[in-house]
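Since the structure comes first, as structure tokens, the remarks are kept for the end.
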Amino acid sequence: MAGFRDNIRKVVPYTPGEQPKRVDNLIKLNTNENPYPPSPKVEEMMKQVTGWRLYPDPAASKLVEALASYHGLNKDQVFVGVGSDDVLAMAFMTFFNSDKPILFPDITYSFYDVWADLFRIPYVQKPLDENFRIVADDYKCENGGIIFPNPNAPTGVYQSLDFIEEILQANPDAIVIIDEAYIDFGGQSALPLLEKYENLLVVQTYSKSRSLAGIRIGYAMGSAELIKALNDVKYSFNSYTMNQPSIAIGAAVLEDEDYFKEVTGKIVSTREWFKEEMKKLGFSFEDSKSNFLFVTHETVKAKDIFEAAKANQIYVRYFAKPRIDNYLRITIGTDEEMKTFLNFVKEFIKM
Ligand SMILES: *Cc1c(COP(=O)(O)O)cnc(C)c1O
């Protein structure tokens, strides 16, 4: 075999949820997108964006300043990237450089082990308990850093700020990253802890709660020291990651707080109603504070429901992985979409 092949980096990539070609009547509950359109500010802003000939502002200052003021931080405490996947990848590269393993749960966002492998970061995955909760004591050993989502994905389980603080207190020598992709659906952000812990990084995204998965905006918030380190790595890699429209639109939608509250409120109330309906059908699940429900059925196999639903143009997410291969992750869509899903399931489990 030619020797050049030895020098090719071998990685097993992350598998994103399926993005089927648009067909009529398709109900897409498989990638946690928001069923409602983004703020009308997006259209407005889109018409105003000019200056395509020039490179965008590498610091994305308008967006950084808007986010800082929205969250009550200084502008040197915010780092923006092309979706939180970009931000998280940069954070892995920037902060996880120890010989000691980084720690994250066995059941969690399946990009973490991919980045660790890509960047050759040693890691240990700590098992969630039988109720899919993170066990604090597992994170009180020597480590090279800690990351988990809150609420966790794909379980939807939320852990309180006291829990986050317990982890921070036990780990003054490690950087702790809380991935808050789903925090706007009922949880409390760890942002207030930034004042006390300079080793905390909080990551959020526009993809779920702000209905802007297509625009690719994510951001990290932390101490000026951590944010500078992130920027140094970013500028050593690609200075112009944020394009002009993203910067302008990302800043503009933050002004539309009423719309944001309305949309996230609708999803939360659909979720709470959907929980009750699913219980009646024999499904069980841990409580979710996200825009999805992670369910298992008392008799019918998750994989069978997944496949039958897909044949009926309803997409949900199924993971053929240890411990969760009899579960489905179902994104909360509109009431209408969830009713269609429930009707399908009612018929299917009768068979
Ligand atoms: C969706 C998701 C992300 C990535 O979202 P972006 O679209 O890249 O911002 C990150 N972490 C978790 C846990 C997610 O579910």
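The values are calculated or read from the model by the stated rules, or taken from the named source; none is laboratory data. A quick note: this is a predicted structure, and the numbers were derived from the prediction, not measured. All Cβ positions, even for glycine, are placed from backbone atoms using ideal geometry, and neighbour counts span all protein chains on display. Protein only, heavy atoms only, side chains kept; ligands, DNA and RNA dropped before computing areas. Shrake-Rupley method; radii C 1.70, N 1.55, O 1.52, S 1.80 Å.
Please give the net charge around N171, taking every other residue with its beta carbon less than 14 angstrom from that of N171, where Lys and Arg add +1 and Asp and Glu add -1.
-3
In what order, largest first, do M351, M93 sit by accessible area if the probe radius is 1.4 Å?
M351, M93
Compute, for the chain, the length of the dipole vector about the Cα centre, with Cβ point charges of +1 (Lys, Arg) and -1 (Asp, Glu) only. Units Debye, rounded to 20.
1140
For the range 129-193 and the range 277-322, write down the distance between their C-alpha centroids in whole Å.
Between the Cα centre of the range 129-193 and that of the range 277-322, the gap is 25 Å.
Could you please report the charge total around N32, scoring K, R as +1 and D, E as -1 over all other residues with beta-carbon less than 11 angstrom from its beta-carbon?
+3
Using unit Cβ charges (K, R positive; D, E negative) and no other charged atoms, how large, in debye to the nearest 20, is the dipole of the range 220-279 about its Cα centre?
For this selection, approximately 260 debye.
In Å², what does the accessible area per residue of the range 211-316 work out to with a 1.4 Å probe?
About 43 Å² of surface per residue is accessible.
Please report, in cubic angstrom per residue, the volume enclosed by the convex hull of the alpha-carbon atoms of the range 282-351.
So the per-residue hull volume is 90 Å³.
Please report, for the Cα atoms of the range 224-332, the Rg to one decimal and the Dmax as a whole number; what are they, in angstrom?
For the range 224-332, the Cα-based Rg and Dmax read 20.1, 54 Å.
Which lysines, if any, have their Cα less than 23 Å from the Cα of K266, not counting same-chain residues under 8 positions apart?
Result set, ordered by chain and number: K28, K41, K208, K275, K279, K280, K289, K339.
If the viscosity is 1.567 mPa s and the temperature 4 °C, what translational diffusion coefficient in µm²/s does Stokes-Einstein give for the range 16-96 when Rh comes from Kirkwood over Cα pairs?
79
Given 5 Å bins starting at zero, what is the percent of C-alpha pairs of the range 58-98 in each, up to the one with the largest pair distance?
6, 23, 23, 23, 17, 6, 2
Sorting R120, R22, R9, R210 by accessible area (1.4 Å probe), largest first, what list results?
Largest accessible area first, the list is R22, R120, R9, R210.
Say the dipole of the range 1-92 comes from +1 at the beta carbon of Lys and Arg and -1 at that of Asp and Glu; which of S39, V80, V11 then lies farthest toward its positive end?
About the Cα centre, the residue reaching furthest to the positive side is V11.
Please tell me which of these pairs span more than 26 angstrom C-alpha to C-alpha: K140/K196; K140/K234; K126/K321?
Where the Cα-Cα span goes over 26 Å, the pairs concerned are K140/K234.
Give me Rg/Rg_expected for the range 103-223, where Rg uses Cα atoms only and Rg_expected = 2.2 N^0.38 Å with N residues.
Values: Rg = 13.8 Å, N = 121, 2.2 N^0.38 = 13.6 Å.
Compared with the compact-globule rule of thumb, the range 103-223 sits at 1.01.
Between the DSSP loop rule and a limit of at most 10 other Cβ atoms within 10 Å, which GluC sites (Glu not before Pro) in the range 31-132 are left?
E130
Counting only helical runs of four or more DSSP H residues, what would the 222 nm mean residue ellipticity of the chain come to if each run contributes -39,500 (n - 2.57) and the total is spread over all its residues?
-10500 deg cm²/dmol
Rounded to the nearest 0.05, what FRET efficiency do N25 and V124 give with R0 = 41 Å and r taken as the Cβ-Cβ distance? Could you check?
Result of the calculation: an efficiency of 0.35.
Leaving out ligands, DNA and RNA but keeping every protein chain, what accessible area does D138 have, in Å² rounded to the nearest 10, with a 1.4 Å probe?
The accessible area of D138 comes to roughly 40 Å².
Quick one: ranking K289, K62, K126 by accessible area, 1.4 Å probe, largest first, what do you get?
Highest to lowest solvent-accessible surface, that is K62, K289, K126.
With a 1.4 Å probe and all protein chains left in place, how much accessible area per residue does the range 1-110 have, in Å²?
I get 60 Å² per residue for the range 1-110.
At q = 0.14, 0.27 Å⁻¹, what is the base-10 log of I(q)/I(0) for the range 66-127 according to the Debye formula with one equal point scatterer per Cα and no solvent? Please give it to two decimals.
-0.50, -1.10
In the chain, carbon and sulfur make up what percent of the accessible area (probe 1.4 Å)?
For the chain, the apolar C and S fraction of the accessible surface comes to 50 percent.
Taking only the alpha-carbon positions of the range 38-82 and ignoring solvent, what does the Debye formula give for the base-10 log of I(q)/I(0) at q = 0.22 Å⁻¹?
The computed values of log10 I(q)/I(0) come out as -0.93.
Sort largest first and round to whole Å: the equivalent ellipsoid semi-axes of the chain, each the square root of five times a Cα gyration tensor eigenvalue.
In descending order, the three semi-axes are 32, 26, 21 Å.
Among DSSP beta bridges whose residues both lie in the chain, state the antiparallel percentage, nearest 5.
50
Taking only C-alpha pairs under 8 Å that are 6+ residues apart, what is the relative contact order of the range 51-132 in percent? Walk me through the intermediate numbers first.
On the way: 61 pairs, mean separation 17.4, N = 82.
Contact order relative to length: 21 percent.
Once phi is turned into θ = phi - 60°, what whole-Hz ³J(HN,Hα) does the Karplus curve with 6.51, -1.76 and 1.60 give for every residue of the range 49-57, x standing for Gly and Pro?
Using θ = phi - 60°, the values come out as 5, 9, x, 5, 5, 9, 4, x, 5 Hz.
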